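Below: one structure, written as structure tokens.
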Amino acid sequence: MRLRAFAIRPPLGYIYRRRFQYPICIALSYSMMKLSTVVVLLLSTGLLACSPGTTPQATPAPTGVIEGTVTIGPISPVERPGVTPIVPPQVFEARKVVITSERGDKVATVDIAQVDQSSTGRYSVRLAPGDYTIDINRAGIDRAREVPRKVAVRSGETVRVDINIDTGIR
């Protein structure tokens, strides 16, 4: 059989049927086409295997929230009625909300974020479901009637515990 001359590339099926009758350059182009097809298939299956839709996603652990407000006072020995004293940030920095597990292990020590320069602060902590005890890290002669307090944290729920810290200043 004779080799035909084509002005443009021969049809794809023609190359597959008669690949061994062409000169070496056509056989090489066929091999390269076959190799590039294999590479494209390997890359596409690799990308599909790594796509987020096919890999199992780790589900976040269920958590609950304990939050509340903290008031601290009195700040000075003599406070006038109706006058709100400016509370320095150090007052809140020295005090923490301490959360322990049922076994008495310390789970978290939570900072109290001061609201403006008032005697009020807020705290919030996300915990795994379970039973916990909330307390404060008593600085000096601080006391609070609301703590220690046992609370049950459930998944997706928020437990509110407000704390009023009496500094003992008179």
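The values are calculated or read from the model by the stated rules, or taken from the named source; none is laboratory data. Quick caveat: nothing in here was measured; it's all calculated off a predicted structure. Don't worry about glycine lacking a Cβ; one is built from the backbone with ideal geometry, like all the others, and counts go over all protein chains shown.
Laid out as a table, the results:
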read-out: Residues of segment 77-118 satisfying the condition of being of a type in the set (A, V, I, L, M, F, W, C) and either under 24 Å from the mean Cα position of the chain (by Cα) or outside the structural domain of ARG138 (by TED's automatic domain parsing) (or both); value: VAL97, VAL98, ILE99, VAL107, ALA108, VAL110, ILE112, ALA113
read-out: Residues located in segment 139-170, provided they are exposed (fewer than 14 other Cβ atoms within 10 Å of the Cβ), closer than 21 Å to THR71 by Cβ and basic (Lys, Arg); value: ARG143, ARG145, ARG160, ARG170
read-out: Scan of segment 100-125 for residues that are of a type in the set (Lys, Arg) and either closer than 26 Å to PRO74 by Cβ or surrounded by 13 or more Cβ atoms within 10 Å (Cβ to Cβ) (or both), ordered by number; value: ARG122
read-out: Every residue from segment 68-115 that is in contact with a helix residue (DSSP H, G or I) (Cβ under 7 Å, 6 or more places away or on another chain) and within 17 Å of THR133 (Cβ to Cβ); value: none
read-out: Any chance ASP131 is at pLDDT 90 or above and touching a strand residue (DSSP E or B) at 6+ places or on another chain (Cβ under 6 Å); value: yes
read-out: Checklist (1) β-branched (Val, Ile, Thr); (2) surrounded by 13 or more Cβ atoms within 10 Å (Cβ to Cβ); (3) farther than 17 Å from ASN137 by Cα applied to VAL83, failing item; value: (2)
read-out: Strands (runs of 3 or more DSSP E) contained in segment 70-170 and holding at least 1 residues without any contact (Cβ under 8 Å) to a residue 40 or more places away in the chain and closer than 30 Å to PRO60 by Cβ; value: 96-101, 106-111, 130-136, 149-153
